[in-house]
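All remarks here apply to the structure that follows.
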């Protein structure tokens, strides 16, 4: 099982978890509660113990050596504190505002999807599937599998729009499949290729007949991805 460890005192952060994570969010909660997944090891504990960057209290001699913990178990635990079941997570993920809230809350706890996916050995996993897999042992679909399902099963959705609008929605779907776009944040995502190839933000909005129509189409696309 992959493990993550602290850097030594010459580093720029108290913990190097493979992604940005605040010392307060992880160290305060896990050390204070004697987290069972920490494991004793000798990784320069004296240097770490004396490091002035321990702003929240210098850990004791024994605690300073407890440097390893499993980020996958940590992620699963935090997901379960937000959602009690896969159905609850699916319902929240399908709603644009609630999905953004879940992503934000996990980010505040130091959870980065790309890093967690790599640690889990599933770099192509859909973020929702990855969270369900870690927290509730659900099967995992790749982003490409979800995108292909939407293309095959939701032809009526795409047929509703004109040719260029369909191309833009397909480009959004492709961006999700290849880049792992978590949240199609408007208007920012419109400025990124390949979507930006269709024009500036105002021109793309015009293709859909207005900002509200564009927002509804994008939100519906993300809902279909969650349900695929």
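The values are calculated or read from the model by the stated rules, or taken from the named source; none is laboratory data. Small disclaimer: the values here were computed from a predicted structure and weren't measured. Virtual Cβ from ideal backbone geometry, glycine too; neighbours counted across all protein chains shown.
Worth a mention:
- Residue 157 falls short on exactly one of the conditions (1) within 22 Å of the chain's Cα centre (by Cα); (2) over 22 Å from residue 98 (Cα atoms), and that condition is (1).
- Sole residue being surrounded by 17 or more Cβ atoms within 10 Å (Cβ to Cβ), modelled with pLDDT of 95 or more, within 27 Å of residue 87 (Cα to Cα) and in contact with a helix residue (DSSP H, G or I) (Cβ under 8 Å, 6 or more places away or on another chain), chosen from 141, 169: 169
- In the stretch 205-228, the count of residues that are buried (at least 16 other Cβ atoms within 10 Å of the Cβ), modelled with pLDDT under 90 and assigned to a loop (DSSP other than H, G, I, E, B) is one or more.
Table: residues versus (1) more than 20 Å from residue 221 (Cα to Cα); (2) not assigned by TED's automatic domain parsing to the domain that holds residue 102.
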{"residue": "114", "(1), (2)": "yes, no"}
{"residue": "117", "(1), (2)": "yes, no"}
{"residue": "124", "(1), (2)": "no, no"}
{"residue": "129", "(1), (2)": "no, no"}
{"residue": "150", "(1), (2)": "no, yes"}
{"residue": "155", "(1), (2)": "no, yes"}
{"residue": "161", "(1), (2)": "no, yes"}
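- Taking every residue in the stretch 193-213 that is at negative phi and pairing it with any residue that is in a loop (DSSP other than H, G, I, E, B), at least 6 positions away or on another chain, the pairs with Cβ-Cβ distances below 6 Å are 201/187.
- Residue 136 being closer than 27 Å to residue 217 by Cα and either at pLDDT 90 or above or surrounded by 18 or more Cβ atoms within 10 Å (Cβ to Cβ) (or both): no
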